[in-house]
Amino acid sequence: MTFLYRYRHILAGLVIIALLLAAIVYTSSETPAVQRVRSWVLQVVWPVQDLFHRVVAVGGDSIEFIREVGQYRLENERLREEIERLKTLEVQAEELRQENQRLERLLEFKSRLASDSPFQGQAANVIGRNPDTWFARVQVDKGSRDGVRPGTPVVTASGLVGRVSMTEPFTSTVLLLTDPDSGVGAEVQRQTSRAGGVVRGLGGPEPGLVMQFYDRDADVLVGDRVVTSGYGGIFPRGLPIGLVTEVTTGEFGLVKRAVIQPAVELDRLHEVILLLPDEMDAPPGGAGDGTAGGEARP
Amino acid sequence: MTRGGIIGLVITGWLALAFQAGAAHMLAVGGAKPDFLLVLVVLAAVVFDWRVGLVYGIFLGLLQDLWIGQYIGLHVLSKGATGFVVGYVTQGIYDESLPVPVLFTFIATVASETLLVLLLEFMGAGRYFVPANLPVGLRAAVYNALITLLLFRKALAFRRAFGREHWEVPW
């Protein structure tokens with residue numbers, strides 16, 4: 001009895017543990033009595049539990065929302081940068097595509113030229129343009145070191161561009177057809193008419209071309225194609241200059257003129273071909289050889 | 001402990017159970033969710049004594065068991081034992097030192113969870129006693145310790161308000 005009294009706490013503890021273990025075993029499966037008590041507990045706990053759940057959920061959602069907003073902002077920024085990058089790439093790709101087309105045409109023209117003309121084509125890039133609006137001149141990246149000389153014809157696959165007016169060792173200045181100082185011997189290219197004249201540039205902000213015919217009765221019609229006559233020896237014969245858009249007669253009916261739409265888009269030049277003589281010892285005529293544009297009727 | 005203190009502990013336990021059941025899972029980090037009931041038991045045991053720890057552990061364990069509705073006695077045993085052991089071991093230690101409850105919460109979490117798992121294994125109620133659960137258990141222990149860190153000053157304030165000088169647990 002003394003033993004029991006002495007260790008009553010330990011014994012009580014052991015008894016409690018044993019009872020708890022028994023309870024655990026007994027309630028390991030759902031029992032109606034326990035469920036009833038559980039129902040009471042849940043009813044007491046549930047309202048506050050639900051409140052906590054909502055509060056923490058709202059807090060969690062808010063934190064998640066803030067985090068997502070931050071993420072979306074970063075994502076948005078990244079996507080914007082990506083769009084800008086892609087736009088740049090697209091522009092570059094389009095630029096390359098157009099350049100490729102132009103070069104293909106030039107190459108085709110160059111190979112055609114090589115077979116049936118005394119000239120050899122030298123491709124050049126347009127690297128500058130006349131800074132004012134009154135003259136129509138461009139600068140190309142080929143100069144005297146490349147065999148370019150004043151008077152060298154300059155063309156594209158579409159037709160005549162002009163001629164070289166000045167050369168530097170590494171660059172040249174090209175006088176465009178539309179420059180007021182330009183003049184090219186030309187003729188109408190039609191089965192029934194080879195009316196000849198000189199095509200001059202008008203210069204100014206809206207540069208154009210005018211062909212002044214040698215003969216006041218020249219047979220020319222709107223829509224006729226005008227090509228180089230080749231008489232002056234500077235330009236090869238048959239290079240397209242443009243199309244006649246209007247035919248006029250001078251004030252006293254002494255001259256006949258035609259407004260020409262250039263075959264080449266001269267304000268959008270990127271690459272050109274310089275027509276160098278096949279033999280370097282046969283230079284083309286220089287600028288200002290006595291007639292406008294250096295070409296005269298034979 | 002005063003009568004108000006007992007009522008305060010009961011209400012706190014009730015709120016803790018509600019929070020544990022309603023919101024603790026939303027605060028889980030890496031699979032480890034905090035056990036506010038265990039934290040309260042440890043705090044009660046450290047701040048008061050082993051008797052309060054034991055009774056409070058049994059009370060909160062019983063609430064938890066009843067909430068679950070099965071294996072009644074499982075949490076009573078684990079939390080009661082935790083309250084008793086923590087209260088017993090920390091008696092005589094300067095109990096306003098912050099590291100004491102934090103450390104004991106960490107140890108108590110590991111011990112309590114281990115005891116629970118062993119009991120469940122004993123009951124054949126699951127296969128929780130696997131090494132994969134160890135990291136989660138340790139994270140939960142750290143989590144509980146951090147909560148203890150936050151609540152310890154409040155627990156001391158609670159003791160000052162409803163301290164043992166007014167009313168002792170009757171054994």
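Since every read-out is calculated from the coordinates, none of them should be taken as a lab result. From a predicted model like this one, the values you see are computed outputs, not experimental measurements. Please note: Cβ atoms are built from the backbone with ideal geometry, for glycine as well, and neighbour counts cover all protein chains shown.
Counting only alpha carbon atoms, the long axis of helix A:32-116 and the longest principal axis of chain A meet at about 10°. Over all directions, the projected convex hull of the C-alpha atoms in chain B averages 9.5 nm² in area. Reducing segment A:209-268 and segment B:26-67 to their Cα centroids gives an inter-centroid distance of 104 Å. Taking a sphere under 15 Å around the Cβ of A:V25 and counting the other residues whose Cβ falls inside, with K and R at +1 and D and E at -1, yields a net charge of -3. Per residue of the protein assembly as shown, the DSSP helices (runs of n ≥ 4 H) give a summed -39500 (n - 2.57) that works out to -17500 deg cm²/dmol at 222 nm. Per residue of A:17-29, other chain Cβ atoms within 10 Å of the residue Cβ number 6 on average. Extension gain A:R145-A:E246, at 0.36 nm per residue separation less the Cα-Cα distance, in nm? In short, 32.2 nm is gained. Taking other residues whose beta carbon is less than 13 angstrom from the beta carbon of A:A93, and scoring Lys, Arg as +1 and Asp, Glu as -1, yields -1. Helix A:8-26 versus the longest principal axis of chain A: what angle, 0 to 90°, nearest 10, using Cα atoms? Between helix and principal axis, roughly 60 degrees.
Helix B:133-162 axis versus longest C-alpha principal axis of chain B: approximately 10°, rounded to the nearest ten. Taken over the protein assembly as shown, lysine pairs spaced eight or more positions apart, or on distinct chains, with alpha carbons under 23 Å apart number 4. Note: relative contact order over chain A, using C-alpha pairs below 8 Å and six or more positions apart, is 16 percent. If only the Cβ of Lys and Arg carry +1 and only the Cβ of Asp and Glu carry -1, the dipole of chain A around its Cα centre is close to 1520 debye. Seen from A:E68, the other residues with C-beta closer than 14 Å to its C-beta sum to a net charge of -1, counting Lys and Arg as +1 and Asp and Glu as -1. Once Rh is set to the Kirkwood radius over Cα pairs, what Stokes-Einstein translational diffusion coefficient, in µm²/s, holds for segment B:1-62 at a temperature of 37 °C and a viscosity of 0.692 mPa s? Approximately 271 µm²/s, per Stokes-Einstein. Between A:Q35 and A:Y72, take the C-beta separation as r, use R0 = 60 Å, and let me know the FRET efficiency to the nearest 0.05. Here the calculated transfer efficiency is 0.80. The simple spin-label model puts a point 7 Å past each Cα toward its Cβ; for A:R85 and B:A157 those points are separated by 5.3 nm.
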